[in-house]
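Everything on this sheet refers to the single structure shown next.
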Amino acid sequence: MAETARIHWFDEVDSTNTQLLAARGSLPSGTVFAALFQRAGKGQRGNRWESRSGENLTFSYLFKPASLPAAAQFSLSQAAALGVAGYLEQKGIATAIKWPNDILSGGRKICGMLLEHSLADDKLADSVIGIGINLNQRDFGSGAPNAVSLCVRTGDHYDPQAELPLVVAQLEKYLGLTASEAGRKALAEAYLARLYRMGEWHTYLDRREADPLLPTTRAVEGVRFEGRIRGISPEGLLRMERRDGALLEFAFKEIAYIL
């Protein structure tokens with residue numbers, strides 16, 4: 001177990017994020033709530049995170065930075081993504097980070113995250129970093145698109161309770177870099193080096209103008225366009241270049257990948 005982590009295992013909870021958010025005021029930074037099964041695991045965009053009981057790694061990590069500007073909060077997302085990528089690379093798995101923080105293996109999703117922040121004036125008071133890593137699950141009943149697990153990739157079986165300290169150690173390695181401007185710059189560079197589709201032309205959906213009432217060729221889910229990722233803004237916005245040369249920035253939920 002990582003020395004700086006306080007890991008608490010539960011057989012079953014609704015959501016480790018929900019439980020840790022409720023208790024965070026009285027807990028130190030580095031506290032981890034993990035569960036063998038989550039009845040209502042949280043995913044991005046309000047989705048549920050599917051995980052069969054005891055087969056995967058689902059946990060939440062409490063981080064209370066000493067002094068992190070609210071404007072730099074995306075560095076936590078970068079640190080979390082790099083931490084999980086570092087753990088998987090220790091297992092021999094090549095990874096890519098799909099903005100903002102999904103982890104892909106061979107183009108298939110092996111890990112998802114949900115970060116929930118609390119602010120105090122212009123500083124970040126704390127962050128609950130919820131992480132779900134597919135360890136042993138071989139099929140996904142919800143039809144989750146492109147899901148894969150560590151077991152499928154390697155053929156080995158993994159004990160979630162034995163693997164968690166290894167993940168936490170990598171997570172804390174990168175979270176430590178958020179404490180300084182130089183560290184945050186290093187995080188940004190490492191994140192871009194692993195960014196899925198960086199500099200490649202692909203088709204996306206621009207959801208900023210999606211309107212189901214418009215009777216045109218415009219799709220309900222958004223407008224298709226070809227673009228390539230040019231980088232990430234300091235605030236965490238996805239920077240895209242369109243085929244016509246236009247430069248765009250997207251916030252989370254404003255763009256969808258066509259896989």
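The values are calculated or read from the model by the stated rules, or taken from the named source; none is laboratory data. Keep in mind it's a predicted model, so treat the numbers as computed, not measured. Please note: Cβ atoms are built from the backbone with ideal geometry, for glycine as well, and neighbour counts cover all protein chains shown.
The residues listed here are 174, 204, 191; of these, the one that is over 17 Å from the mean Cα position of the chain (by Cα) and crowded, with 16+ Cβ neighbours inside 10 Å is 204.
Listed by first and then second residue, the pairs with beta-carbon distance under 9 Å, at least 6 apart or on different chains, first residue in the range 151-176 and over 30 Å from residue 68 (Cα atoms), second part of a helix (DSSP H, G or I), are 153/88; 156/150; 157/151; 158/150; 158/151. Listed by position, the strands (runs of 3 or more DSSP E) inside the range 1-73 whose residues that are modelled with pLDDT under 95 number at least 3 are 6-13, 31-38.
For the range 84-104, a residue qualifies if it is in a strand (DSSP E or B) and touching a helix residue (DSSP H, G or I) at 6+ places or on another chain (Cβ under 6 Å), and the qualifying residues are 97, 103.
For the range 225-259, taking the residues that are aliphatic (A, V, I, L, M) and over 30 Å from residue 68 (Cβ atoms), the one that is modelled with the lowest pLDDT is identified as 259.
If you go through the range 148-198 and keep only what is hydrophobic (A, V, I, L, M, F, W, C), within 21 Å of residue 90 (Cβ to Cβ) and not in a helix (DSSP H, G or I), you end up with 148, 195.
For beta carbons closer than 8 Å, sequence separation of 6+ or different chains, a first residue in the range 91-113 that is under 18 Å from residue 164 (Cβ atoms) and a second that is assigned to a loop (DSSP other than H, G, I, E, B) and hydrophobic (A, V, I, L, M, F, W, C), the qualifying pairs are 110/93; 110/148; 112/49. Among residues of the range 118-136 that are closer than 16 Å to residue 59 by Cα and in contact (Cβ under 8 Å) with a residue 60 or more places away in the chain, those with a beta-carbon under 8 Å from a residue that is of a type in the set (Gly, Ala, Ser) and in a strand (DSSP E or B) at least six positions away or on a different chain give the pairs 127/118; 128/60; 129/60; 130/60; 131/60; 131/112; 132/112; 134/147.
Looking at this structure, is residue 256 free of Cβ contacts under 8 Å to residues at least 24 places away in the same chain, within 18 Å of residue 101 (Cβ to Cβ) and out of contact with any His (no Cβ under 6 Å at 6 or more places or on another chain)? For residue 256, the condition - free of Cβ contacts under 8 Å to residues at least 24 places away in the same chain, within 18 Å of residue 101 (Cβ to Cβ) and out of contact with any His (no Cβ under 6 Å at 6 or more places or on another chain) - is not met. Among the conditions (1) at pLDDT 95 or above; (2) on the phi > 0 side of the Ramachandran plot, the only one that residue 222 does not satisfy is (1).
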